[in-house]
1. Out of the residues in segment 19-56 meeting the condition of being small (Gly, Ala, Ser) and assigned to a loop (DSSP other than H, G, I, E, B), tell me which one is surrounded by the most Cβ atoms within 10 Å (Cβ to Cβ).
2. For segment 98-124: of the residues being at pLDDT below 80 and of a type outside the set (S, T, N, Q), which is surrounded by the fewest Cβ atoms within 10 Å (Cβ to Cβ)?
3. For segment 137-182, name all the residues that are outside any loop (DSSP other than H, G, I, E, B), over 30 Å from Lys108 (Cβ atoms), touching a helix residue (DSSP H, G or I) at 6+ places or on another chain (Cβ under 6 Å) and at pLDDT below 80.
4. Mind checking which pairs have a first residue in segment 35-55 that is without any contact (Cβ under 8 Å) to a residue 24 or more places away in the chain and a second that is part of a loop (DSSP other than H, G, I, E, B), Cβ under 6 Å, 6 or more apart or different chains?
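The values are calculated or read from the model by the stated rules, or taken from the named source; none is laboratory data. Keep in mind it's a predicted model, so treat the numbers as computed, not measured. Quick reminder, even Gly has a Cβ in these numbers, built from the backbone with ideal geometry, and neighbours come from all protein chains shown.
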Amino acid sequence: MVEVKEETKLTLLEIYKESSIGLEGNILKLIDSSGDDEFSIYIRDCIEKDKEKRRKRLEITKQVQDQNKELLKAKEEIERVNEELRLSLVEVHRAKEDVENDLDILQKKTQYELINTIVKVALFVIIGVGITTTILYMVSMFTGKDTQIIGSTWSNMFGILLTNAFSIVGTIMGVKYANNKN
């Protein structure tokens, strides 16, 4: 045990009475206060205040540690959610690209089918009109009828059919290349 001089005891007691400031910490365990009732009360009060302060500090430390644990859990949860969002965003982007590619393929297929249909119908009309006009012209020639009007009509008809055929094909090719992204 440590004995405290009388002069030091008086100084400590005076500081305690004036400003309520007392000794703290493990030093209180070493001070011998026997024989002086007032100093013994002072040391006992200081020990109790020190215990109370330590208890409060320990409670605060536990609260801070609990809050830190909660914050760490919240941070981990936020990071997990952010990672899920990032992965979802990547999946959505890939799905969007797939849908755009599928839509592009579907549009091209539809356009191709439409162009094929238009070309086939146009060719059938052109060939049908050409064959019909040719048959009429031949029948007129074999029957001995006047073929001058039918001949010029036949010639004009083939010119118009050829012009229209090239116009249709040109329009289709123009549409096809206008829709081409490259």
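1. Within segment 19-56, the match that is surrounded by the most Cβ atoms within 10 Å (Cβ to Cβ) is Ser33.
2. Looking at residues that are at pLDDT below 80 and of a type outside the set (S, T, N, Q), I get Tyr112.
3. Once the filter is applied, which keeps residues that are outside any loop (DSSP other than H, G, I, E, B), over 30 Å from Lys108 (Cβ atoms), touching a helix residue (DSSP H, G or I) at 6+ places or on another chain (Cβ under 6 Å) and at pLDDT below 80, segment 137-182 yields Tyr137, Ile150, Trp154, Met157.
4. Close Cβ pairs satisfying both conditions: Ser40/Ser33; Ile43/Ser33.
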